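What follows is calculated from the coordinates using simple rules that are stated; it is not laboratory data. Because the structure is predicted, anything quoted here is derived from the model rather than measured. When we count neighbours, we look across all protein chains shown, and the Cβ atoms used for this are built from the backbone with ideal geometry, even at glycine.
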């Protein structure tokens with residue numbers, strides 16, 4: 001197929017990514033402000049709407065992919081996003097500024113992420129994702145939110161940065177509802193565009209939708225985390241920067257991964273477990289080691305960013321070598 005024939009698919013993919021990132025931000029802002037008018041506390045809003053909102057692009061893309069029969073793209077999107085969040089997003093964030101390590105990171109968030117990653121692996125180990133698996137992950141999601149809520153309530157730490165909180169507090173009710181509806185509609189449309197464009201390109205070049213999900217789509221849906229983490233680091237809100245990444249990975253595995261299983265039983269490519277899941281698990285364990293070694297110094301040093309980015313490039317090379 002010629003490049004000209006692929007132009008509509010490429011345009012749909014790029015436009016879908018841009019609109020997806022923009023609409024996720026508008027949707028989360030509108031939803032959070034609407035919740036505030038309903039009397040929901042800022043802590044609950046931060047732990048549910050805003051935290052889950054970082055996974056909104058992955059949620060909608062996975063839903064559309066599952067509905068369109070592109071299960072590989074849905075699974076690849078989740079695992080690829082988690083890999084990108086640790087190796088690419090955290091790598092770039094660490095290069096921007098050395099990241100201070102909070103005690104709660106060691107006590108609860110990192111162990112929780114590692115446990116959730118292991119649970120996801122066990123659920124997918126039989127190369128099947130069905131309704132039973134989805135229910136297990138959703139139950140784990142409820143438990144994870146409870147644990148995070150308990151931790152944040154006890155520590156009194158901020159869940160979102162001051163600028164985002166101010167935007168939520170200052171938004172009028174009518175504007176909040178407007179952005180909630182517009183953001184939701186744009187998320188649905190852009191997700192459909194992205195999935196159609198990605199699957200069309202994959203079919204044209206003989207690449208599996210899994211690989212497209214692990215690369216282009218995963219990087220695109222990780223852009224909100226990248227923007228939020230770098231912006232938070234530049235403002236000195238380093239705890240929120242790394243919290244965005246860890247929280248997003250937890251919610252991707254517990255809130256996004258179940259979606260294909262809820263829609264229809266999905267057979268998982270063995271490469272997902274043998275290659276991609278193992279890379280995700282390895283990076284998660286690597287993150288535990290990095291934080292453990294850096295705990296005494298109190299910061300994650302900048303050279304760690306170079307190591308993480310090198311790991312991501314190596315993974316991309318591995319994917320490319322196995323898909324050509």
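Overview of results
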| item | result |
| --- | --- |
| The chain: most fluctuating residue of 278, 193, 64 per GNM, C-alpha cutoff 10 Å | 278 |
| Gain upon complete extension [residue 302, residue 135; 0.36 nm per residue less C-alpha separation] | 56.2 nm |
| Label-point separation, residue 38 to residue 177 (7 Å along Cα→Cβ), nm | 1.3 |
| In range of the label at residue 22: residues from the stretch 166-192 whose backbone nitrogen is under 13 Å from the point 7 Å along Cα→Cβ | 183, 186-187, 190 |
| Inter-label distance, nm, simple model (7 Å from Cα along the C-beta direction), residue 14/residue 185 | 2.6 |
| Candidates 312, 146, 277: whichever shows maximal mean-square fluctuation once the chain is modelled as a Gaussian network with Cα springs under 10 Å | 146 |
| Nearest-0.05 FRET efficiency for residue 270 and residue 6, computed from C-beta distance (R0 22 Å) | 0.15 |
| Residue 289-residue 262 FRET efficiency (beta carbon distance; Förster radius 56 Å; 0.05 resolution) | 0.95 |
| Förster radius 45 Å - calculated FRET efficiency between residue 320 and residue 147, Cβ distance, rounded to 0.05 | 0.70 |
| Highest-fluctuation residue, 250, 119, 242 considered, GNM on the chain with Cα pairs under 10 Å | 119 |
| Surface/4 estimate of mean projected area, convex hull on alpha-carbon atoms of the chain, nm² | 15.6 |
